[in-house]
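Notes follow the structure.
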Amino acid sequence: MLAIGLSAYAVYNAFSPLPPLQERSLFLLVLFTLVFLTQAVERERPAQVAVDLFWLALSMATFGYVFIEHEEIAFKSGIVTQTDLVLGIVCVFVVLEATRRIVGWALVVTALVFLVYVFYGQHLPRWVGGHGGFDLDRIVTTIYLSGNGVFGVATYITFKFVFLFVMFGKLLEATGALSFIMEFTRSLVGRYRGGPAMMAVVSSGMMGSVSGSAVANVMVTGSITIPLMKRVGFQPHVAGAVEAAASTGGQFMPPVMGAAAFLMMQFLAVDYLQIVKAAFIPAVLYFIGVLAGVYFYALRSGLTGLPPNELPSVREVIREPQGLTFIAGIGLLIVLLLLRMSPVQAVLRAMTVIAVLGVGISAITLFLQDRGRFVSAVPGGALTAVKKGIQVFEGTGRDFVTLGTAVACVGIIMGTILMTGLATRFSGLVIGMAGGDLTLILLLTMFASMILGMGLPTSIAYIILALMVAPVLIKVGVWPMAAHLFIFFSGMLSMVTPPVALAAYAGATVAGSDFWRTSLFAGLISLPVYILPYAFVFGTPLLMRGHPVDIILTTATAVAGVILNAYALVGDFKDRAEVIERIVVFAAAIMLIAPGAMTDVVGVVLAAAGLARPVMRRVALANATG
């Protein structure tokens, strides 16, 4: 009931929002009640239940107080009472405890480091981030009683935008979107070499864009695609790695991009469509690179596609009711966003269309099964739709617990950063270390982004990076859109980069393979995501900025580059000569991905040199065999 209520509140608030502090405190009140109560009912020992109920009572007191007293809090404007002080301290402990239980220690430790910094940072030298010090009243006001802490922008964006898009994904899933996507991609690419792996790449990209969670996407789509890959000859660690790489890239794929687009929209103060437009080419390039890696692996391993008797026709799949619902829902969402409707209104209208189609399809199905009796078909279709709607509301509320808890904890981090001005000091420190050299600054920021992103959901990592790292790049002249996309790409790398690599770990679990082999291959096949951020920082045509001719030429050479990158890195080496050739081809790939006419010319020359012998050998073999 709490999960259903949370979803119902999110929909209601989209039409009739409460005052800012009140709407966010009510959201966290229901969410944290759901966290502790869910855990309490799963316990077996009374003592453990008592502990959970204790934390539940504390969470209800802290968030309930803000919900009831929001007008008084706003009126006091920074004046802290003894009650405020006590509940503010309790709130921090409640958020950290819930985060530890739901998200894990990584985010809790990060928050504790920032809290220690805000309390004791005055003892540090100024050149490493020392500040003037803050009293407890100021800290509590910022973290607990203002729009800069727990009830800040992270909570606002997550509740106002992301929640509805998670519900949109759940609604698609309830109406058969997953089965449609699987069948559709099977009909499109199943016949080719490595067809099941290509299915994983395409389907995970489509689902990952809506779900926004690489790990969840691996567990859902991977349960279908990984066994198929293994069946046609993919080694278990390769199957898990392909699914991890595809699901990670799905977080960057327009039109939804998980939660990233909405967060960027807030940080950059730009239109949602501008973000989707800028992200489109890099996302497509990434998936082209992964698809090429799958193909070359299958080619060099002698693997085939699925047998013809297991391949449905594209026309048959699209005609299915699930296909109509999916295409109508996604299509309407894209059209409304292109018409510059607000994301909230666009997704609400798209969900309405999906729900109406769901009722209609259920009624028609029952009508045909019941030999044309409208009396039973219409109520039956409506009842089926209501049941699915309740399941969608409950599933969304339950699935949102992880992200909702995490953003509350991120609010603590944001409060300390904004209060201390740490982002400005961090920018000066990085620029000073790099001596103002942009390439070195990019390398340092990518490394910092990967470290900060380890063990955290990608959206949460992005929020921290947007506050800490993005100002570094903007300060040295990088276009703000490129700076934010750079750090998002970089933070996303932690999903497939050892030693944490949460998406690769999920892939290895489903595939029953070794984590290290899985994560290393996932990083290998995802290599374009390590290179592309540098390309679109130095050459913004990849972000659809500039003359159309420049955009087309830069994109064309980048496509060639990501394909050659896959050719060079994926698959076994036959002899020493091939090792040298593929090193030359890899260098050509880097040159072609890098923007600029001179690098393109060098890339073409290197590609011709590296591919000359393999091409001549293939031509001779073709002539010999007719």
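Of the residues contained in region 400-407, none is found to be at pLDDT below 90, in a helix (DSSP H, G or I), more than 28 Å from residue 262 (Cα to Cα) and open to solvent by less than 50 Å² (accessible area, probe 1.4 Å). The set of residues in region 263-305 being among the β-branched types (Val, Ile, Thr) and open to solvent by less than 10 Å² (accessible area, probe 1.4 Å) consists of 275, 290, 294. Filtering region 438-457 to residues that are open to solvent by less than 10 Å² (accessible area, probe 1.4 Å) and in a loop (DSSP other than H, G, I, E, B) leaves only 456. In this structure, is residue 27 in a helix (DSSP H, G or I), touching a helix residue (DSSP H, G or I) at 6+ places or on another chain (Cβ under 8 Å) and modelled with pLDDT of 95 or more? Spelling it out, residue 27 is indeed in a helix (DSSP H, G or I), touching a helix residue (DSSP H, G or I) at 6+ places or on another chain (Cβ under 8 Å) and modelled with pLDDT of 95 or more. Among residues of region 511-522 being open to solvent by 10 Å² or more (accessible area, probe 1.4 Å) and part of a helix (DSSP H, G or I), the one that is nearest to residue 443 (Cα to Cα) is 520.
The residue that is farthest from residue 261 (Cα to Cα), counting only those in region 303-335 that are in contact (Cβ under 8 Å) with a residue 60 or more places away in the chain, of a type outside the set (A, V, I, L, M, F, W, C) and part of a loop (DSSP other than H, G, I, E, B), is 304. Of the residues screened, residue 319 is not one that is closer than 30 Å to residue 147 by Cβ, open to solvent by 50 Å² or more (accessible area, probe 1.4 Å) and among the charged types (D, E, K, R). It is to be established whether one or more residues within region 578-589 are of a type in the set (Phe, Trp, Tyr), open to solvent by 50 Å² or more (accessible area, probe 1.4 Å) and modelled with pLDDT of 90 or more. Yes, there is a match, as at least one residue in region 578-589 is of a type in the set (Phe, Trp, Tyr), open to solvent by 50 Å² or more (accessible area, probe 1.4 Å) and modelled with pLDDT of 90 or more.
Working only within region 138-180, note down all residues that are of a type in the set (Val, Ile, Thr) and surrounded by fewer than 24 Cβ atoms within 10 Å (Cβ to Cβ). Selection gives 139, 140, 153, 157. Out of region 495-505, which residues are crowded, with 24+ Cβ neighbours inside 10 Å and in a helix (DSSP H, G or I)? The answer is 495, 502, 503, 504.
Only one entry of 551, 460, 531 meets the criterion of being within 26 Å of residue 152 (Cβ to Cβ), part of a helix (DSSP H, G or I) and either among the aliphatic types (A, V, I, L, M) or modelled with pLDDT of 85 or more (or both), and that entry is 460.
Looking across region 219-253, the residues that are among the hydrophobic types (A, V, I, L, M, F, W, C), in contact with a Ser or Thr (Cβ under 6 Å, 6 or more places away or on another chain) and modelled with pLDDT of 85 or more come down to 241, 245, 246. Do we have any residue at all in region 77-94 that's surrounded by 21 or more Cβ atoms within 10 Å (Cβ to Cβ), closer than 30 Å to residue 347 by Cβ, modelled with pLDDT of 90 or more and of a type outside the set (Val, Ile, Thr)? The answer is no, given that none of the residues of region 77-94 is surrounded by 21 or more Cβ atoms within 10 Å (Cβ to Cβ), closer than 30 Å to residue 347 by Cβ, modelled with pLDDT of 90 or more and of a type outside the set (Val, Ile, Thr).
Residues that are part of a helix (DSSP H, G or I) and closer than 19 Å to residue 563 by Cα do occur in region 202-215. From 234, 184, 180, 168, which residue is among the aromatic types (Phe, Trp, Tyr) and within 21 Å of residue 261 (Cβ to Cβ)? From the options 234, 184, 180, 168, the qualifying one is 168. Of everything in region 30-58 that is open to solvent by 40 Å² or more (accessible area, probe 1.4 Å), among the aliphatic types (A, V, I, L, M) and under 15 Å from residue 398 (Cα atoms), the residue that is modelled with the highest pLDDT is 37.
The values are calculated or read from the model by the stated rules, or taken from the named source; none is laboratory data. Just so we're clear, the structure is a prediction, and the values are computed from it rather than from any experiment. With ideal geometry, Cβ positions are generated from the backbone for all residues, glycine too; neighbour counts draw on all protein chains shown. For the accessible areas, the whole protein counts, side chains as well, though only heavy atoms, and no ligand, DNA or RNA atoms are used. Shrake-Rupley method; radii C 1.70, N 1.55, O 1.52, S 1.80 Å.
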